[in-house]
1. Can you say whether A153 is open to solvent by 10 Å² or more (accessible area, probe 1.4 Å) and either under 25 Å from G413 (Cβ atoms) or not aromatic (F, W, Y) (or both), as far as the supplied structure shows?
2. Restricting to the range 266-289, give me the number of residues that are open to solvent by less than 10 Å² (accessible area, probe 1.4 Å) and closer than 12 Å to V346 by Cα.
3. So, in the range 380-419, how many residues would count as being over 19 Å from the mean Cα position of the chain (by Cα) and open to solvent by 10 Å² or more (accessible area, probe 1.4 Å)?
4. Somewhere in the range 93-109, is a residue of a type in the set (S, T, Y), over 30 Å from G324 (Cβ atoms), open to solvent by less than 70 Å² (accessible area, probe 1.4 Å) and at pLDDT below 95?
5. Tally the residues that are more than 22 Å from F490 (Cα to Cα) and among the small types (G, A, S), restricting the search to the range 272-296.
6. Please go through the range 58-84 and pick out each residue that is open to solvent by 60 Å² or more (accessible area, probe 1.4 Å) and assigned to a strand (DSSP E or B).
7. Can you tell me which residues in the range 32-57 are touching a Phe, Trp or Tyr at 6+ places or on another chain (Cβ under 7 Å) and part of a loop (DSSP other than H, G, I, E, B)?
8. Give T372, T436, T471 a once-over and let me know the one that is hydroxyl-bearing (S, T, Y) and open to solvent by 10 Å² or more (accessible area, probe 1.4 Å).
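The values are calculated or read from the model by the stated rules, or taken from the named source; none is laboratory data. This structure is a prediction, so every number in the text was calculated from the model and none was measured. Here the Cβ positions follow ideal geometry from the backbone for every residue, glycine too, while neighbour counts run over all protein chains shown. These accessible areas exclude ligands, DNA and RNA; they are computed on the full protein's heavy atoms, side chains included. Shrake-Rupley method; radii C 1.70, N 1.55, O 1.52, S 1.80 Å.
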Amino acid sequence: MLNSYKFKISYLNEDKLYASSNPKTGHYVIDITDKDNSVAFCLRNTVKMEHLKFTLEFDYDFAENAKFFANGYQSWSYSREYGKADIQKGLNYFAKNVEYFTKGSRSGDYSFALYNNKVGFFHSFSYGYIRNGNTLDLFGSLCEKTGFTIIYADMVNNKIIIEKDLEGLTLKAGKTYEVMNIFYCKDEYDTAFDKYFRTLDIPTPRIKQKVGYTSWYNYYNKINQDIIDRDLESLSKGPVKMDIFQVDDGYQTAVGDWLSVDSVKFPQGMAKVAESIHSKDMLAGIWLAPFNAQRSSKIAHEHKDWLINDDKNYHYVAGINWGGYYTLDFYNPEVREYIKKVFNTVLNEWKYDMVKLDFLFSVAIIPYGNRTRGQIMCEAVDFLRECCGLKLMLGCGVPLFPAFGKFDFCRIGADQALSWVKNNYFTTYNNEIVSTPNAVTNSIFRRHLDGRAFCNDPDVFLLRDTNIKTTFEQRKLLAKLNKIFGNLLFMSDNIGDYNEAQTAVFKDTLDGAKKKVISAEYTAQDIIQIKYIENEKEYNLTFNIDTGAILSGSID
């Protein structure tokens, strides 16, 4: 199939626009390397090139029942299979007009990917597939360090267009640059992904499954020493041996000021917390957003030269969390030293075993320094692994390709909400917002990454009765889906408050059962059907993704 492509390159030289489909002109030579399952394009230019664009296009005859998998930009971005009659929604008119004030959409790809809100038109980041039955035509980038690869599927006009995000890049004359390297295979679902990751040469994840606790989804940033001690004690006496106890946001005085611990909440400091966790025979985890500084932080006030600026030289506000936050320029030597100091303190002095690294997309939120977003993101993740050495890393809010083989665990969906109702903000402002239907959908349709790229984190399951708006049946369904589709199984409850029914679900979710997904798909607009094997017995389960209502099958 890759032999039938047409490519196009366009660029500015001395303020004049050039566009061509020729592999050689007076301005450049494109070396094309064809292999059995891939094709690579390497550009050698003899003139300066600005506003460079490179695309591949080829025909694809989409069958009436074909499905296209659209991988969202980052961990939280909505990702699923679509059919010809579906629409991949971008920002609506209202959201675009209030973006200046809310900064609500900056976690997504709305400024640099095409959402035309038309039936049958979709895009996918880094890889994607067309599914006919259980057979996939799988397309995937083999290198994102030169720029993110965006795969567009026009199912109405039977076209595939693959585009490289090269925004921010200027090539001086005499450079050699790989503008695209694309993998393709046609095979059954699991075999196709096995081939892709084998070609990528991603090492098998060293972790297969871990279970544990995070403080976020019950207390959010209202944590303190007493809460942590109480929940730790309850878990240590519980019916299931827990692997990890993670302290989430709220221990620090401000995001960015990681070594400034809130002495009112944690009077004995964070090293003491890690010691207490270790005394209960659990690994100690802690939350960081290493590339961020909230507006009110000491870091933001005292080191303004550490912050990324926009094209008007204003500090770029990456989002609205914590009253607004900035992104640190990790290419700045002082920033790198500061981040290294933070990790050294947390991992070697405080003795934490795992770091949850969040809001990572923001480091590449705008291209700068003559680098593409893809280059920045890949190099930032490499830097984090360098800082952490062999310690466990959980990535979150991160474009996924750069995380392949680098993180031990990675979130593959949005944050779970305390209700199952669709969040109106989700359908208005962006596709990355807190949403249980979003999180569940992503867990199902990104299942192919588990055990290949990293250990999938589907986010938490919650069984408690207080501070939650879901029914117990919805909570049971979420726990079952996390068990089927994830292998980092976290919760945020004080299990000392569990009744007999809650304890039974808790034990079942974390029993380490052998499982295999046979198939999972939309059978109607809001209906998902999954077929899976658990402990060598086959099950069918159909449910409404919008309401969390089970329509057929049983989870008891």
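1. Numbers: open to solvent by 10 Å² or more (accessible area, probe 1.4 Å): no; either under 25 Å from G413 (Cβ atoms) or not aromatic (F, W, Y) (or both): yes.
For A153, the condition - open to solvent by 10 Å² or more (accessible area, probe 1.4 Å) and either under 25 Å from G413 (Cβ atoms) or not aromatic (F, W, Y) (or both) - is not met.
2. Looking only at that region, the number is 8.
3. From the range 380-419, those over 19 Å from the mean Cα position of the chain (by Cα) are 386-391, 418-419; that's our starting set.
From what is left, the residues that are open to solvent by 10 Å² or more (accessible area, probe 1.4 Å) are 386-387, 389-391, 418-419.
Matching residues across the range 380-419 total 7.
4. no
5. The number of residues fulfilling the criteria is 2.
6. Quick first cut of the range 58-84, residues open to solvent by 60 Å² or more (accessible area, probe 1.4 Å) only: 59, 61, 64-65.
Matches in the range 58-84: D59 only.
7. Those that are touching a Phe, Trp or Tyr at 6+ places or on another chain (Cβ under 7 Å) and part of a loop (DSSP other than H, G, I, E, B): N37, T46.
8. It is T471.
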